[in-house]
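A.B. asks: Have a look at the structure that comes next, please.
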Ligand code: COA
């Protein structure tokens, strides 16, 4: 019996051995291709860096001497400028398609690891996943904040909620840094906004269960409910933009080729704006309440003025950044309309 078992196992091992030999060959082939790929990547990187540097230098020289040129040289000057701009655009695309080491905050947080997403489809997938993550977290936070605002009034539950917020904003900061590393145009303010939110929620987390905490708690929970409702609206706008961008495929040229997208985006922004402004007024109101609270005779915690300052900075940054975005989008729309009517 044992003999038959050993025989059948030996036969099976012989069969496996054939496959094992071809696996070793495939693995060698893979290592060799990988080495070739790394060599090509390196030479591509050094070539594109050199090209980018030269085009920047030529572009700067052209700009510097543009004013001194006579009328007859202008067409040639414009042609050269167009040529440089086109080449620079292609160089950026090539650079973004190569793996790059992390820098700054990402390097500090993740170490020397490449977080480059090399194809457009990978970038869209990552952004979609980021938006989905925000949606799921928003739903959880909305339910949590509603429950703590209406039914559960325990400091421990509040602390759990604040801890969840700290974790959530930390992950957003990392994900947004990865998105920016991969060419996303997320404004620096929104990343800073999330850093400040980490600090604010950290302060709320360590704020002792005191008179001042109790006086501010309900207002903060109401604000959280509104903020999460607002984030749901933002999700529908952002995922709508992403869906359209993906459908259009060529993201960078989209603004030039597709008019419908800009109109859809403008309608979405017009819908969103009153809700956003209400949120900013809420933030300013929180800052005002906390500021007043800091003069209360029973208020001894440093957390009160500190959170008042952060709420006020958030209000200012959000208000001015959103207004600037709206203004530039409105101007782009007007420009497009006037071009169309010509
Ligand atoms: N958080 C993260 N990413 C953001 C962002 C935000 N608040 N606002 C814009 N982005 C991203 C966009 O998705 C886009 O990414 P991409 O380059 O990868 O495609 C990039 O930044 C450029 O976006 P932009 O064209 O400047 O704006 P938009 O049309 O996408 O959005 C607003 C404009 C005003 C709707 C958006 O900035 C927003 O919702 N702001 C309000 C946020 C806020 O105030 N939150 C706190 C509420 S109290």
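Values quoted throughout were computed directly from the atomic coordinates according to the rules given, and no laboratory measurement underlies them. Just so you know, these numbers come straight off a predicted model, no measurement behind them.
A.B. asks: Could you identify which residue out of 13, 327, 135 has the top mean-square fluctuation in a GNM of the chain using Cα springs shorter than 10 Å?
C.D. replies: 13
A.B. asks: Per residue of the chain, what 222 nm ellipticity follows from adding -39500 (n - 2.57) for every DSSP H run with n ≥ 4, rounded to the nearest 500?
C.D. replies: That comes out to -30000 deg cm²/dmol.
A.B. asks: Now for a different question. Mind jotting down the distance between the C-alpha centroids of segment 88-111 and segment 285-342, whole Å?
C.D. replies: Result: 31 Å between the Cα centres.
A.B. asks: What do you get for Rg/Rh over the chain if you use C-alpha atoms and the Kirkwood form of Rh?
C.D. replies: 1.11
A.B. asks: Sequence gap at least 6, Cα distance under 8 Å: using those rules, report the relative contact order of the chain to the nearest whole percent.
C.D. replies: For the chain, the relative contact order is 14 percent.
A.B. asks: If you take the Cα Rg of segment 32-95 and divide it by 2.2 N^0.38 Å, with N the number of residues, what do you get?
C.D. replies: 1.53
A.B. asks: Pick from 143, 21, 113 the residue whose mean-square fluctuation is largest in a GNM of the chain, springs joining Cα atoms under 10 Å.
C.D. replies: Of the options given, 21 has the highest mean-square fluctuation.
A.B. asks: What's log10 of I(q)/I(0) for segment 113-181 at q = 0.18, 0.25, 0.27 Å⁻¹, Debye sum over Cα points only, no solvent?
C.D. replies: -0.74, -1.08, -1.18
A.B. asks: Additional query: What shape does segment 1-150 take by its C-alpha gyration tensor, where a ≥ b ≥ c are the square roots of the eigenvalues and a/c under 1.5 counts as rounded, a/b above b/c as prolate, and the rest as oblate?
C.D. replies: oblate
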